[in-house]
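The values are calculated or read from the model by the stated rules, or taken from the named source; none is laboratory data. Computed from a predicted structure; not experimentally measured. Positions of Cβ are backbone-derived with ideal geometry, glycine not excepted, and every protein chain shown enters the neighbour counts.
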């Protein structure tokens, strides 16, 4: 067995960014180059895991050689692998963009010491958050999911407060309190699971979990906590101020990656571990909340006068599509198709929304504001940024060949096939509303040149523009590699029992 076939590689996506975070915290010099090297090394480790997965299928690694329920296990299945790939690729883009962003602030703006301090703290916090996200995707028991979720929340709250402005600090503190409340609710659910079954391992719980009062209470508590962390309507109140007031690289991290972690756990619990305890009524309720998020978030995005707030509320809307998929899984023969759609939408949204926040941040630095009505003609001085925003918007609308198109098309097909046509109306309405708020900005960027604004733009690093375009193009072309992602999802056993039973 060669070194590249060793199952110990499953630990690498956790260890590599952890080492990088510690080095950035201790060294504090040349931290960008440390972060860039760690980003590339992490991508190599995830690529190695992809090779192993295609050769050997889902992987399970016992930490210290101890078997469950006493030991801790890491597991790699199709959805987890795709989330690791998504985070690795987005992470490289975020790392490059953050370098250009902070370099511009330090060289072109005042208060250099404060900006240097922000960059100094950004790198270790970012790599620690990356560590926690990778550990979350690979965790094999529900308590370790709680630990990693808490680490993600603490790192994200610290990053959200990094700008030092009163508005961002208040929003970050509110985010921290909400995250702690959600984590506490999830932890209470874990307590009920352990009291009922005496184990925490996900694979063992999947085999023995049966509907009952203890499991119903546990699922209710864990679901409420995770919905709060995912910012599903109407529990989204903390998200707009936290994302809109953070530094641009932080906003990209929060919207593109962080909210995906709690959704991943919810997906795992509902449709892999405790699928037999989920009722059709519970699925419909989640679907209604998702529909509310799509419509309300889109309408709020249309109303916004600031670009960053518009992008923030579009996050609320786009997250709603993920939950519209829940009631569609009630039809057993299309459940695999539905979760393929969800996976595509998660990845496409991550790349597109990360690119959008990068573009919004670059525009704000260049112009000094993000008032939409005053952004006319930005394409003249920031053509790459403008095209990046427009391409990412294509994905949010759901136009081919983007990943958003594939995801929405699969959801529409599933809704019509299962006879739940009312969900298809929400999906179509959401796409139409998305086209309104996307073209509202694009029309200002491309169709109304304004020489006064053009003259205000300053020389800047290519790192402020190219990473956004890179991620936007990935989101656009995601649909072209759909068969390969479908192969990865079909290899795993995670969707073997998606049809709901009786219980919650």
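Matching residues to (1) in contact with a strand residue (DSSP E or B) (Cβ under 8 Å, 6 or more places away or on another chain); (2) free of Cβ contacts under 8 Å to residues at least 12 places away in the same chain; (3) within 29 Å of residue 129 (Cβ to Cβ):
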site: 261; (1), (2), (3): no, no, yes
site: 268; (1), (2), (3): no, no, yes
site: 271; (1), (2), (3): no, no, yes
site: 280; (1), (2), (3): no, no, no
site: 288; (1), (2), (3): no, yes, no
site: 294; (1), (2), (3): no, no, yes
site: 300; (1), (2), (3): no, no, yes
site: 311; (1), (2), (3): no, no, yes
site: 314; (1), (2), (3): no, no, yes
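Selection within region 22-36: residues that are free of Cβ contacts under 8 Å to residues at least 24 places away in the same chain and in a helix (DSSP H, G or I). The member of this set that is surrounded by the fewest Cβ atoms within 10 Å (Cβ to Cβ) is 26. Name every residue in region 417-427 that is in a helix (DSSP H, G or I) and more than 20 Å from residue 295 (Cβ to Cβ), in order of residue number. If the condition is that a residue be in a helix (DSSP H, G or I) and more than 20 Å from residue 295 (Cβ to Cβ), then 417 is the only one that fits. Going through region 158-184 one residue at a time, which ones are surrounded by 20 or more Cβ atoms within 10 Å (Cβ to Cβ) and either under 17 Å from residue 226 (Cβ atoms) or touching a strand residue (DSSP E or B) at 6+ places or on another chain (Cβ under 8 Å) (or both)? Correct list: 175, 178, 179, 182, 183. Among the residues of region 327-345, not a single one is part of a loop (DSSP other than H, G, I, E, B) and at pLDDT 85 or above. Taken together, the residues in region 40-62 that are in a helix (DSSP H, G or I) and touching a strand residue (DSSP E or B) at 6+ places or on another chain (Cβ under 7 Å) amount to 3. Across region 134-153, the number of residues qualifying as surrounded by fewer than 22 Cβ atoms within 10 Å (Cβ to Cβ) and not in a helix (DSSP H, G or I) comes to 0. Restricted to region 347-368, and to residues there that are modelled with pLDDT of 80 or more and surrounded by fewer than 24 Cβ atoms within 10 Å (Cβ to Cβ), the residue that is nearest to residue 405 (Cα to Cα) is 364. Scanning region 224-234 for residues that are surrounded by 23 or more Cβ atoms within 10 Å (Cβ to Cβ) and either without any contact (Cβ under 8 Å) to a residue 40 or more places away in the chain or within 15 Å of the chain's Cα centre (by Cα) (or both) yields a count of 5.
Considering each residue of region 481-499 in turn, none proves to be at pLDDT 85 or above, surrounded by 19 or more Cβ atoms within 10 Å (Cβ to Cβ), in a helix (DSSP H, G or I) and within 24 Å of the chain's Cα centre (by Cα). For residue 380, the conditions (1) modelled with pLDDT under 85; (2) part of a helix (DSSP H, G or I); (3) surrounded by 18 or more Cβ atoms within 10 Å (Cβ to Cβ) all hold with the exception of (3). Checking each residue in region 266-276 for being surrounded by fewer than 24 Cβ atoms within 10 Å (Cβ to Cβ) and either in contact with a helix residue (DSSP H, G or I) (Cβ under 6 Å, 6 or more places away or on another chain) or not in a helix (DSSP H, G or I) (or both) picks out 266, 273. For region 235-255, a residue qualifies if it is in contact (Cβ under 8 Å) with a residue 60 or more places away in the chain and either over 15 Å from residue 157 (Cα atoms) or not in a helix (DSSP H, G or I) (or both), and the qualifying residues are 236, 238, 245, 246, 247. When 288, 283 are screened for being part of a helix (DSSP H, G or I), in contact with a helix residue (DSSP H, G or I) (Cβ under 9 Å, 6 or more places away or on another chain), under 23 Å from residue 412 (Cβ atoms) and at pLDDT below 90, only 283 passes.
Of the residues making up region 193-204, those that are assigned to a helix (DSSP H, G or I) and either in contact (Cβ under 8 Å) with a residue 60 or more places away in the chain or within 28 Å of the chain's Cα centre (by Cα) (or both) are 193, 202, 203, 204.
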